[in-house]
1. Take the residues in region 133-151 that are surrounded by 24 or more Cβ atoms within 10 Å (Cβ to Cβ) and among the charged types (D, E, K, R); name whichever of them is nearest to Met79 (Cα to Cα).
2. Every residue in region 160-181 that is under 19 Å from Ser84 (Cβ atoms), of a type outside the set (Lys, Arg) and over 15 Å from the mean Cα position of the chain (by Cα), please.
3. Strands (runs of 3 or more DSSP E) wholly in region 114-181 with at least 2 residues that are within 18 Å of Thr59 (Cβ to Cβ) - which ones?
Amino acid sequence: MRRILTLVVALVALAGCSERSTGTPTPVPSSSTSAPPSRPKNIDLAGKQRCLLTKADWTGFLIEKDGEMKERDKDPKGMECFYSNNVGYFGYLFNTTDGVKYWTDTPGSEKVNSVAPVQGYPAYERSTSPDKNRCDIIVDVSDGQALDVYASIDARSESKLSPKCETARKLAEIAITALSR
């Protein structure tokens, strides 16, 4: 008798699970996807000084002369400050037209990966480039504006500096500090 009662209870429970319901299924938010962090404040890059390294910063990157300002004529467009030495080259590109959407939403742009924020600002890493020695850290500083910080270290000189993405991140930290003043 006990077995029959258990079987009846099990069948009733299964019948409840197979009941059809009407309506529209509602997706359950996934905890594995998260939005990038919000910015501590907006930084407007328009009109800002682009050569952000001080002479005191130069020694950490083996730089011996001022950066050169130039207009970048390919996408993403903007003004950049370019430093070079016998170890590699480094720079800051101020993208004031597309922001991080150039990297995250533009079909055909190179792949970027979300990385730890730079001083609270959402950041992305572009570690693949036509220049295999180059890494970019792209920092979301304002709607439609991004700071692209890059470092390319000559393969024969890698022992003289931190790895390329670590170097680019250090340069990004310096930039955000300078731009936040």
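No lab work stands behind these numbers, since they all come straight from the coordinates. Not measured: the values here are computed from a predicted model. In this analysis, Cβ positions are derived from the backbone assuming ideal geometry, glycine residues included, and neighbour counts consider all displayed protein chains.
1. Restricting to residues being surrounded by 24 or more Cβ atoms within 10 Å (Cβ to Cβ) and among the charged types (D, E, K, R), the top hit is Asp148.
2. Of everything in region 160-181, those that are under 19 Å from Ser84 (Cβ atoms), of a type outside the set (Lys, Arg) and over 15 Å from the mean Cα position of the chain (by Cα) turn out to be Leu161, Ser162, Pro163, Ile174.
3. By residue number, 145-153.
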